[in-house]
Amino acid sequence: MKGLAMDPQVEQLLSAAEDDWATIQLAVPVRVLGFHAQQAVEKLLKALIASHGSTFAWTHELESLEVELTALGETLPGVPFPLLSLQPYAVAFRYAAVPVLLASDRDDIRQTVDVILAHVRGRIEALKPKP
């Protein structure tokens, strides 16, 4: 990002989210895609919370992160795949049955992460102190 230096925690979260984003661009099984999509969104929401100078909850729960963002005056954009439908892939997919993602969901999931990534990058840039 241009301008002033970014908060290291925000930068680390963005970098990790971009790694997850890169993974979902590959031809991975849909359960793996669901996991990395959820992880990307989780890290992006946490990066946006941290960019406000706030402390985020150490949780995988996307809904609670959305509540924190709402309290900070943030509104997430509409997306083609419901964010909360990614929630079961945070941890449970490794241990239990989760809703099956259809191969046709791949594009919607990728577009959803793209939208959230672009939105969060824009909001972080807008929140950076002006020189």
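Side notes on the structure shown:
- The single condition among (1) among the β-branched types (Val, Ile, Thr); (2) exposed (fewer than 15 other Cβ atoms within 10 Å of the Cβ); (3) modelled with pLDDT of 95 or more that Val41 does not satisfy is (2).
- Residue that is modelled with the lowest pLDDT [pool: residues in region 44-73 that are surrounded by fewer than 18 Cβ atoms within 10 Å (Cβ to Cβ) and either of a type in the set (A, V, I, L, M, F, W, C) or closer than 17 Å to Asp114 by Cβ (or both)]: Ala57
- Residue match in region 11-22 (condition: of a type in the set (S, T, N, Q), in a helix (DSSP H, G or I) and touching a helix residue (DSSP H, G or I) at 6+ places or on another chain (Cβ under 7 Å)): no
- Among the residues of region 92-107, none qualifies, meaning not one is of a type outside the set (A, V, I, L, M) and within 15 Å of the chain's Cα centre (by Cα).
- Within region 37-83, being assigned to a helix (DSSP H, G or I), farther than 17 Å from Asp7 by Cβ and either over 11 Å from the mean Cα position of the chain (by Cα) or touching a residue at least 40 places away in the same chain (Cβ under 8 Å) (or both) holds for Ala37, Gln38, Gln39, Ala40, Val41, Glu42, Glu63, Ser64, Val67, Thr70, Ala71, Leu83.
The values are calculated or read from the model by the stated rules, or taken from the named source; none is laboratory data. The model shown is predicted, which means the values in this text are computed figures rather than measured ones. Don't worry about glycine lacking a Cβ; one is built from the backbone with ideal geometry, like all the others, and counts go over all protein chains shown.
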